[in-house]
Amino acid sequence: MVAKLIDVSSISGLSIHECGREVCIPNKIFSFDEKDYYLVHYVVDGAGTLHLNGRDYNLKRGDMFFFAPHEKPVYHPSPTNPWTYIWVGFSGDVAEEILKLSGINKENAIYTDKDKTLIPFFEQVYKYYSEAGALDLRALGIFYVILGSLEAREDEFSKLPLPLRKVQAGVEYIENNFQHKVSVQDIADNVGITPNYLSAIFVEHLGLSPKQYLTNLKMEKAIDLLLNNNDPIKDIAKAVGYDNALHFSGEFKKHTGQSPSIYREERR
């Protein structure tokens, strides 16, 4: 049985304007032309960097990034592990409301699908869009499911006790900004509480202070970069938020017991 194609632009609340899949080559810098609708990219493999609103985000498999209408972001794949992503351009009252309820906006444009459960859904949207030659009802329905999952997860988040919500919000801020100079004050300001209270609830729920969590994450990212590319130590230091390579090397040795260069040499 052949699926009947319909004009999805007539469906109230949600329209899809484009959908594509790209396997990127290393170092390809890309910038979308200005659109009058939303765009979402889902990283299905590899890694890359997004430059948006004056900030850099290092993204990987399972990460989604959203652009509001009329934004002109710039992004590029990792030189050693270039990403593959699926993108969807969409608009509509339902879409706007779901993004608002999910906390996705210009200042919080990154969403991590930690369990990677949405990958097959994005693949299906792309498959149906490509096969039909025009978007059919199946692809639209699946994209509704994707957006609905964002709203459902935000609803689950809202049911958590307030201190735990603040911890989760702090963790997400750290994960999205570890490559910058981030202070405990910055994290606390973003979450909307005092630094002392932030530290207390981090220790209570995670067993680590915000500074320890941030440093551990920086070191994990640095180890990944050391073992998976040939960048100089000073470049890796900058990639995880250290302007001074000596400071980075000192922190790295405290964390691993070895300097970055020796750590790399012994494990490659």
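Structure above, values below:
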{"quantity": "Out of PRO260, PRO232, sole residue that is under 23 Å from ASN81 (Cα atoms), loosely packed, with under 15 Cβ neighbours inside 10 Å and at pLDDT 90 or above", "calculated": "PRO232"}
{"quantity": "Residues that are part of a helix (DSSP H, G or I), farther than 27 Å from ASN105 by Cβ and at pLDDT below 85, drawn from the range 125-155", "calculated": "TYR128, GLU131, ALA132, LEU137, ARG138"}
{"quantity": "Cβ pairs under 6 Å, 6+ apart, first in the range 27-38 and without any contact (Cβ under 8 Å) to a residue 24 or more places away in the chain and within 18 Å of HIS17 (Cβ to Cβ), second outside any loop (DSSP other than H, G, I, E, B) and not basic (Lys, Arg)", "calculated": "none"}
{"quantity": "Residue within the range 105-120 that is at pLDDT 90 or above, in a loop (DSSP other than H, G, I, E, B), assigned by TED's automatic domain parsing to the domain that holds VAL43 and out of contact with any Ser or Thr (no Cβ under 7 Å at 6 or more places or on another chain) present", "calculated": "no"}
{"quantity": "In the range 221-268, the residues that are small (Gly, Ala, Ser), closer than 22 Å to LYS181 by Cα and assigned to a helix (DSSP H, G or I)", "calculated": "ALA222, ALA237, ALA239, ALA245, SER249, GLY250"}
{"quantity": "Out of GLN168, GLN258, sole residue that is more than 20 Å from ASP56 (Cβ to Cβ) and under 21 Å from the mean Cα position of the chain (by Cα)", "calculated": "GLN168"}
{"quantity": "Residue in the range 86-107 that is of a type in the set (D, E, K, R) and under 14 Å from the mean Cα position of the chain (by Cα) present", "calculated": "yes"}
{"quantity": "Test for VAL8: is it at pLDDT 90 or above and either closer than 20 Å to ILE146 by Cα or in contact with an Asp or Glu (Cβ under 6 Å, 6 or more places away or on another chain) (or both)", "calculated": "no"}
{"quantity": "Only listed residue being assigned to a helix (DSSP H, G or I), modelled with pLDDT of 85 or more and of a type in the set (S, T, N, Q), chosen from GLN185, GLN179", "calculated": "GLN185"}
{"quantity": "Enumeration of residues in the range 19-35 that are under 22 Å from PHE143 (Cβ atoms) and small (Gly, Ala, Ser)", "calculated": "GLY20"}
{"quantity": "Residue within the range 175-187 that is among the hydroxyl-bearing types (Ser, Thr, Tyr), surrounded by fewer than 17 Cβ atoms within 10 Å (Cβ to Cβ), over 22 Å from ASN58 (Cα atoms) and outside the structural domain of GLY46 (by TED's automatic domain parsing) present", "calculated": "no"}
{"quantity": "Test: residue in the range 213-220 that is part of a helix (DSSP H, G or I) and among the acidic types (Asp, Glu)", "calculated": "yes"}
{"quantity": "Test for LEU118: is it in contact with a Leu (Cβ under 8 Å, 6 or more places away or on another chain), in contact (Cβ under 8 Å) with a residue 12 or more places away in the chain and not basic (Lys, Arg)", "calculated": "no"}
{"quantity": "Yes/no for ASP45 being among the charged types (D, E, K, R) and within 12 Å of the chain's Cα centre (by Cα)", "calculated": "no"}
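Every residue, every condition in (1) at pLDDT below 80; (2) under 22 Å from LEU217 (Cβ atoms); (3) assigned to a loop (DSSP other than H, G, I, E, B), yes or no:
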| site | (1), (2), (3) |
| --- | --- |
| LYS4 | yes, no, yes |
| GLY20 | no, no, no |
| ASN27 | yes, no, yes |
| ASP36 | no, no, yes |
| LEU50 | no, yes, no |
| ASN58 | no, yes, no |
| PRO69 | no, no, yes |
| TYR75 | no, yes, no |
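Residue by residue, here is whether (1) surrounded by 15 or more Cβ atoms within 10 Å (Cβ to Cβ); (2) more than 19 Å from PRO120 (Cβ to Cβ) holds:
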residue	(1), (2)
GLY20	no, no
CYS24	yes, yes
ASN27	no, yes
ALA47	yes, yes
ASN81	yes, yes
TYR85	yes, no
ASN105	no, yes
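The values are calculated or read from the model by the stated rules, or taken from the named source; none is laboratory data. What you see is a predicted model, and the numbers here were worked out from it, not measured in a lab. Positions of Cβ are generated from backbone atoms using ideal geometry, with glycine treated the same way; all protein chains shown enter the neighbour counts.
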